[in-house]
1. Hey, does the stretch 50-69 have a residue that's surrounded by 21 or more Cβ atoms within 10 Å (Cβ to Cβ) and more than 20 Å from L172 (Cα to Cα)?
2. From (1) at pLDDT 75 or above; (2) under 24 Å from V78 (Cα atoms); (3) in contact with a helix residue (DSSP H, G or I) (Cβ under 7 Å, 6 or more places away or on another chain), pick out the condition that doesn't hold for A221.
Amino acid sequence: MSAGFGSWLFGASALGGMLGMASSIFIVLAATTFGSALLYAISGFGFAVLAAPPFLLFLDPARAIELVIIISTVLSIVVLRGLLPAIAPWLLLRLALGGFVGLPLGLVAFRYADPILVRAAAGAMIFGFAMLMAVSRRRSGQPGQGKHWGAFAMSPRLDLAAGAVSGFASALVGEPGPPVLIYLLLAGTAPRTVRATLLAFFALSYGVTLASHAATIGIPAPTWLAAGILLPFAFLGGLAGRPIGDRLGAEAFALLAIAVLAVAGAYTLGAAAVAFATA
């Protein structure tokens, strides 16, 4: 299915194929884009975490990750509006500097990585993030409520390290968010600061990653076309998520996020394991 759909979506007649040959799979990707953007608008995180598994299922890893990066870059910039005053500038700077260090390593890994290992890494990251949220909620109430685990205090070195891991993950699997969010949750950072700083970091990280991919690896024109066709679904999801986020309670959202992330991570890991066993 992956090879056929890849040739359909990214071949010379991509637009014509999108209107006909594999319309059912296009519906899946459009719905995934809409749903991921919806949850992103509700929570302030998670577009790449939720969108990457289905994209990796139906596309080859290179094209899937590039699509996630393009859509995430635009969506992060749009959602960031209105939260600029809440950004912690020095924290953002250190995270960004660390990201610049980790990004080239991720690009090298991306160029030579085994597709199965890429999927396994994405699944492990997603599942680990879900488990961390569950433990955080159990030990200190709702995630991100400013309660400290006591594991460590934030420091400039840890800021840089978290940014480096995020930069590596951004280039390799298109998901810079989980490493930084895990770090900020463990350190008990105030929720508004977490949301604003994360969104700013996403916009910066995705933008740099996108430019790096375009300059070093190359992004085919049909990938840009596919991203342009899927972007309206991301915008619609973002617009629909704002009023839902205002009404959805923290408890309900925490349960929803943990369940979705755990299922997505477990499924992606399982798919990678099956592919490895049958390779």
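1. Within the stretch 50-69 (the criterion being surrounded by 21 or more Cβ atoms within 10 Å (Cβ to Cβ) and more than 20 Å from L172 (Cα to Cα)), the answer is no, since none of the residues qualifies.
2. (3)
The values are calculated or read from the model by the stated rules, or taken from the named source; none is laboratory data. Treat the numbers as computed from the prediction; the structure is a model and nothing was measured. Neighbour counts run over all protein chains shown; Cβ positions are idealised from the backbone, glycine included.
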